[in-house]
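Taking it in order: structure first as structure tokens, then the write-up.
Only the coordinates and a few stated rules stand behind these numbers; no lab work does. This structure is a prediction, so every number in the text was calculated from the model and none was measured. Neighbour counts run over all protein chains shown; Cβ positions are idealised from the backbone, glycine included.
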Amino acid sequence: LEQHRQQAPVVKAALLCLSQVLSALDPANWPAAVAPFNLMLGFVLDNRPKVRKRAVQGLMEVLAALQPTSALGQASEAITKA
């Protein structure tokens, strides 16, 4: 993702894939997801509106998937610290 940061279509596709993987992750393995989650979080402030939108949508999908779990608190803390 970092290598193709300047190519918006590639970044959007990568963010979509990343959000799907994180949404499907077993909440018990949340510590392994922190780095990719933070990477996606960094794109929320991207200058490109479509990339920003995809990052926000992805984060919402991940948080929705974590809703009934204890990992939601850890993910929420990552957002407040960003």
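Some observations on this one:
- Val51 vs. criteria touching a Pro at 6+ places or on another chain (Cβ under 9 Å) and over 14 Å from Ile79 (Cα atoms): no
- Restricting the search to helices (runs of 4 or more DSSP H) fully inside the chain and requiring at least 2 residues that are surrounded by 15 or more Cβ atoms within 10 Å (Cβ to Cβ) and among the β-branched types (Val, Ile, Thr) gives 49-66.
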